[in-house]
Every structure is written in C-alpha cells, then in structure tokens.
Amino acid sequence: MKPLKTHRGLIAPLDRSNVDTDQIIAKQFLKSIGRAGFGEHLFHDWRFRPDGSPNPDFPLNAPRFRGASILVARNNFGCGSSREHAVWAIEQYGFRVVVAARTERGPAFADIFKNNCSKNSVLTVELAEAEVEEIFQMVARAPGLEATADVDEQRLTLHLAEEISFHFDVDPAVKERLIHGLDEIGHTLKKADAIRDFESRHDPQLKTGG
C-alpha cells in the first residue's frame, strides 16, 4: 500500500454524525469482484438526486471543495456493516485523511472501519468534539483552507494566517504500517529472514504420533 507519512490537502466538511457504511458506499455498488471503481459512487444517495443530477446542497458537490483530500465529520463515522468497500470508496475518491469527533455519545470511528482504513493507507484522526467544531468553523470562514496531517508527529495543522495544530493519537503498529506503506503481508515479509531460518531448522512434513 502507499506510504503515508505526511499529507497536505484541502479540507471538506461533512457535518453529520453516524455516517454508516451503506451511506458511504451503497449496497447496489458492491457487485464488482475487483477493488476498483468505487470512488465515483461515494455518498451516492447524498451526492445525487433521484434523476441522477448532482445535489447542489451536498457539500462535496460545491466547487470550493473540489479536489479535497481531507474529510471532516462528526462522531461514529463508518458505523454499520463491516464492508471494506467503504474505505476503498473513500480512498479512490481522493481522501487520504478522515477526521472525526470522539464524544460522550459515541466514538469517533467504528472499530472495523477504523481498522480497514489502516490497511488501505487512509489515516483516521480522532479529535475532541470541541476541536472538530473549531475545524468546521474555520472551514466556513476560510475558503480553500488546507491542513497537513503528520503521522510521525501525530499532529494536524490548519494552514491559516496563524496556524492551529491539534495532537492526535495513533497506535504504534498502525503508525509503522502507514509510514512505511506496509499492509499485513508487507509487515510479515519484514520478518522474512527469521521465517526462512525457522523453516531451515524444522521438518516441513507434518508428523503424526503413533
């Protein structure tokens, strides 16, 4: 997978809580046996009207957010079914970072969605509710606002006249995978020498007791 050490991009707001995976990528688009082609269907029922025309009221359709690669939402993002297609759709649309709020009402991200993101080079940034609210306000006031997510420093910085930074936590194993672009297979191959050494010292044939 693609390494992700730092990422700078335009911020797009999605001022909604409990965004579930069926809203991220609806079930009718899960027929493909491959992993490509999901980005165009991201948030389909929100982005498009019943007649197929773009919904002008949906934020991602606004010209000012075209090309955004950092998505900011409320709490419990990615809840619902465990479909990994939801993360594929987000990544293929162009988002490398998703920011959400941890609150007393629920977590920032659903666990399975968050885990799937780490396997697909998408960074999930969990911030306090007040911090996410501040980001929404800054996006509204500053058209074209960009931010940089630094995985190594665990810091999200808004590029305003006076920059604002927020610290976020990252599991050490997830941080290593993101920075070095390692999926589970790649992480295992880092231990290839130890695996070969083990295999050379053990009989590969299964032995059964008499």
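The values are calculated or read from the model by the stated rules, or taken from the named source; none is laboratory data. Everything numeric in this text was worked out from a predicted model, so none of it was measured. Neighbour counts run over all protein chains shown; Cβ positions are idealised from the backbone, glycine included.
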Inset, instruction - Identify all residues within segment 1-25 that are surrounded by fewer than 17 Cβ atoms within 10 Å (Cβ to Cβ) and closer than 20 Å to residue 112 by Cβ; write none if there are none. - result: 16, 17, 18, 20, 22
Legend entry - Qualifying positions in segment 143-169 - part of a loop (DSSP other than H, G, I, E, B), buried (at least 16 other Cβ atoms within 10 Å of the Cβ), out of contact with any Asp or Glu (no Cβ under 7 Å at 6 or more places or on another chain) and not β-branched (Val, Ile, Thr): 145
Inset, instruction - Give the number of residues within segment 85-100 that are at negative phi and out of contact with any strand residue (DSSP E or B) (no Cβ under 6 Å at 6 or more places or on another chain). - result: 9
Inset, instruction - Would you point out which residue out of 100, 140 is surrounded by fewer than 16 Cβ atoms within 10 Å (Cβ to Cβ) and at pLDDT 95 or above? - result: 140
Inset, instruction - Considering only segment 140-165, state which residues are out of contact with any helix residue (DSSP H, G or I) (no Cβ under 8 Å at 6 or more places or on another chain), over 26 Å from residue 62 (Cα atoms) and in contact (Cβ under 8 Å) with a residue 60 or more places away in the chain. - result: 150
Legend entry - segment 92-140 - residue that is among the polar types (S, T, N, Q) and in a loop (DSSP other than H, G, I, E, B) and, of those, farthest from residue 68 (Cα to Cα): 120
Inset, instruction - Could you tell me which numbered condition residue 114 fails, if it satisfies all but one of (1) basic (Lys, Arg); (2) out of contact with any Gly (no Cβ under 9 Å at 6 or more places or on another chain); (3) under 17 Å from residue 18 (Cβ atoms)? - result: (2)
Legend entry - Answer residue from segment 12-59, given it is in a loop (DSSP other than H, G, I, E, B) and either of a type in the set (A, V, I, L, M) or touching a Ser or Thr at 6+ places or on another chain (Cβ under 7 Å) (or both) and is farthest from residue 98 (Cα to Cα) among those: 33
